[in-house]
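S.K.: My questions all concern the structure below.
The values are calculated or read from the model by the stated rules, or taken from the named source; none is laboratory data. Everything quoted here is computed from the prediction, not taken from an experiment. Because the Cβ atoms are built from the backbone with ideal geometry, glycine has one as well, and the counts that use them run over all protein chains shown.
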Amino acid sequence: RIRSEASFAALCGVSPLPASSGRTDRHRLNRGGDRHANEALWRIIMVRLGHDDRTKAYRARRSEQNLSKPEIIRCLKRYLVRELLPTIRAELAHDTAPPQAPSTLDPAA
C-alpha cells in the first residue's frame, strides 16, 4: 500500500490539493487518510517548531515568503513524510523477514 512517498502522504492525509481561485495559487491538505497518522505528524511538527532550530529557521524563511502558519505546517508535514518513509520501509522489511533458523554450530542452541 505504501509504494511511493506520494501514496504514503495520501495515506496520512498530507497530500496537497490545489485550492486556487482567481490569481492566487495555493494548496490545502487532503482531508482524507488516516486521522491518527495525521495527528501524529502534527504533534511532531509542533514539537519541532518549539525546539528544533532547523524547523524554526524554515518557518521564518517561509513567513518572509508570505505563507500563513497553516500553509507552513502543511509543507512541514510533507517534509516529515519524506523523512519518515525510509525508516518505515526498513521496519516493514525487517518485520516481514523470515525468522532466522538457529545455527547448528552454536553450542548454546
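S.K.: Exactly one condition in (1) touching a residue at least 40 places away in the same chain (Cβ under 8 Å); (2) assigned to a helix (DSSP H, G or I); (3) farther than 29 Å from Ala90 by Cβ is not met by Leu41; state its number.
M.R.: Condition (3) is where Leu41 drops out.
S.K.: Within region 68-84, identify whether any single residue is under 13 Å from Leu41 (Cβ atoms), modelled with pLDDT of 90 or more and exposed (fewer than 13 other Cβ atoms within 10 Å of the Cβ), and answer yes or no.
M.R.: The answer is yes; a qualifying residue exists.
S.K.: Okay, next question. Glu91 - would you say it is buried (at least 16 other Cβ atoms within 10 Å of the Cβ), more than 13 Å from the chain's Cα centre (by Cα) and either in a helix (DSSP H, G or I) or not aromatic (Phe, Trp, Tyr) (or both)?
M.R.: Numbers: buried (at least 16 other Cβ atoms within 10 Å of the Cβ): no; more than 13 Å from the chain's Cα centre (by Cα): yes; either in a helix (DSSP H, G or I) or not aromatic (Phe, Trp, Tyr) (or both): yes.
So Glu91 does not fit the description; no.
S.K.: Among the residues of region 44-75, which ones are among the polar types (S, T, N, Q) and in a helix (DSSP H, G or I)?
M.R.: Restricting attention to region 44-75, the residues satisfying the condition of being among the polar types (S, T, N, Q) are 55, 63, 65-66, 68.
Listed by number, the residues that qualify are Thr55, Ser63.
S.K.: Does any residue in region 8-33 that is within 14 Å of Pro70 (Cβ to Cβ) come within less than 6 Å, Cβ to Cβ, of a residue that is at pLDDT 75 or above and basic (Lys, Arg) six or more places away or on a different chain, and which pairs are these?
M.R.: Every condition considered, the pairs that remain are Val14/Lys77; Val14/Arg78; Leu29/Arg74.
S.K.: Identify all residues within region 3-19 that are surrounded by 12 or more Cβ atoms within 10 Å (Cβ to Cβ), not in a helix (DSSP H, G or I) and not aliphatic (A, V, I, L, M); write none if there are none.
M.R.: Passing the criteria: Gly13, Ser15, Pro16.
S.K.: Test Thr96 against the criterion of being at pLDDT below 80 and of a type in the set (S, T, N, Q), and give yes or no. Let's see the steps before the verdict.
M.R.: Details: at pLDDT below 80: yes; of a type in the set (S, T, N, Q): yes.
Yes; evaluated as a whole, the condition is true for this residue.
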